[in-house]
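Enquirer: Please see the structure below; I have some questions.
The values are calculated or read from the model by the stated rules, or taken from the named source; none is laboratory data. No experiment lies behind these values; they were computed from the predicted model shown. Positions of Cβ are backbone-derived with ideal geometry, glycine not excepted, and every protein chain shown enters the neighbour counts.
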Amino acid sequence: MDRISLTLAARQKGLCPLCGQALIVGAEYEPDSPREWIDWFDAMKKRLHKHHFTYRRDGGSDEVKNLRLVHSECTDSIMRAMAATNSRFCEAFGLA
């Protein structure tokens, strides 16, 4: 688990901001140590993704303040929803 993911998970109190569920089972509370975050991430089965608030193509950065940690499944849902409603998005990603 990298430092940025640990920082994001702690900032979000262990919750996915898109679905509101725990990023990993048992992480709904503040960890007592960074080692607990590492253990939880190592044990979890769901894949996680660093998601940008403002996409890089729209001028967003990879700075921590522009990132959030989400379930990969939640990111996939957002991308499908955006593709269904935004033809520019579809064209940019070859979905149209």
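Enquirer: Just to be sure before I move on: is ALA27 farther than 22 Å from ASP62 by Cβ, among the aliphatic types (A, V, I, L, M), at pLDDT 85 or above and surrounded by 15 or more Cβ atoms within 10 Å (Cβ to Cβ) in the structure I sent?
Expert: For ALA27, the condition - farther than 22 Å from ASP62 by Cβ, among the aliphatic types (A, V, I, L, M), at pLDDT 85 or above and surrounded by 15 or more Cβ atoms within 10 Å (Cβ to Cβ) - is not met.
Enquirer: Kindly indicate the residue of the stretch 35-54 that is modelled with pLDDT of 80 or more and surrounded by 13 or more Cβ atoms within 10 Å (Cβ to Cβ) and also farthest from MET82 (Cα to Cα) among those meeting that condition.
Expert: By that ranking, first place goes to LEU48.
Enquirer: Right, something else. Within the stretch 74-82, does at least one residue satisfy the condition of being in a helix (DSSP H, G or I), touching a Cys at 6+ places or on another chain (Cβ under 8 Å) and at pLDDT 85 or above?
Expert: There is at least one residue in the stretch 74-82 that is in a helix (DSSP H, G or I), touching a Cys at 6+ places or on another chain (Cβ under 8 Å) and at pLDDT 85 or above.
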